[in-house]
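Below is one structure, written out as structure tokens; comments come after it.
No lab work stands behind these numbers, since they all come straight from the coordinates. A quick note: this is a predicted structure, and the numbers were derived from the prediction, not measured. For neighbour counting, all protein chains shown are included, and Cβ atoms are generated from backbone atoms with ideal geometry for every residue, glycine included.
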Amino acid sequence: MRDAALVSFSCEPGCALCCRASPVTVLPHEVYILQRLAERLGAPVVFTPAYKVADVKSGLRVAISYLMHLDEEGKCPFLEGTRCMVHGLYKPLTCRSFPYLPKVIRYELDPTSREIRIDVKFVMSTLCPVVRRDLAPADVAKMSSIHIAVKYAPRETEVALKTLEKRYLYAKVLSELWKRGAVELDDEGKYPFYPVVNGFAFIRRFYPELTLEKLRD
């Protein structure tokens, strides 16, 4: 292992291990962007809702995060050999922030303040062979602090923070709608019979000026 103070993260050419590790967490607007690219590229993408919140007023469950699943070969549907087909088009935020990823994402509904709160804890993933090569276990543990992680992986931590901002945006907008009585949020587990709607599409009913172009970067 090298001195963590003297090294910075860089992907190993031709690795693509992270493209085979697990389903990819994506945000609601990314589903639309990636579906369009999948149609153009002929990639068999499958998305399923992850965290959802119920809106009793509309009788819907609003998905504010999704999973993009691995294909039948156990790899990202956009992976061709070791090449990412969407690298220069639109690479998911989670992929761009790898190996700096959320270890815990906890959502909480507060009916008193009518807010959705999010608690996120990050970790430098030791799934990545470069991280295991570069950092001692004690250094990896310190990477839970963004102020330390940014010295090792500045590009990836910057994307992680942008992803967090967008995640907070969904919670903030829904909380504002809740406070003004436009929606009535509750635990989605109480309403398993409610159909699921994409959070981006749901929010645009109230804020049509919020476009994919404004969220895409």
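Roughly speaking, what is the centre-to-centre gap between the stretch 126-160 and the stretch 63-96 when only Cα atoms are used, to the nearest Å? Here the two parts' Cα centres lie 22 Å apart. Backbone amide hydrogens, once placed in the peptide plane, bring Glu115 within less than 5 Å of Asp110, excluding anything fewer than 5 places away on its chain. In this rough spin-label picture, where each label sits 7 Å from Cα along the Cβ direction, the Asp186-Tyr168 distance is 3.0 nm. Helical runs (DSSP H, four residues minimum) scored at -39500 (n - 2.57) apiece and divided by the length of the chain put the mean residue ellipticity at 222 nm at -9500 deg cm²/dmol.
For the Cα atoms of the chain, what angle does the longest principal axis make with the long axis of helix 28-41, in degrees from 0 to 90, nearest 10? Orientation of helix 28-41: about 60 degrees from the principal axis.
Relative contact order of the chain, please, whole-number percent, based on alpha carbon pairs below 8 angstrom and at least 6 residues apart. Dividing the mean separation by the residue count of the chain yields 28 percent.
Build a GNM of the chain with springs between Cα atoms under 10 Å apart, and of Lys91, Lys57, Lys166 the one that fluctuates most is Lys57. No disulfide-compatible partner, judged by a Cβ distance under 4.7 Å, exists for the following cysteines of the chain: Cys11, Cys15, Cys18, Cys84, Cys95, Cys128. For the stretch 17-215, the extents of the C-alpha atoms along the principal axes are 52, 40, 30 Å, listed from largest to smallest. With Rh defined as the Kirkwood radius, the inverse of the mean 1/r over Cα pairs, the Rg/Rh of the stretch 29-144 is 1.04.
In this simple spin-label approximation, Tyr107 and Leu210 carry label points 7 Å from Cα along the Cα→Cβ vector, and these lie 1.3 nm apart. Once divided by 2.2 N^0.38 Å, the Cα radius of gyration of the stretch 11-97 becomes 1.18.
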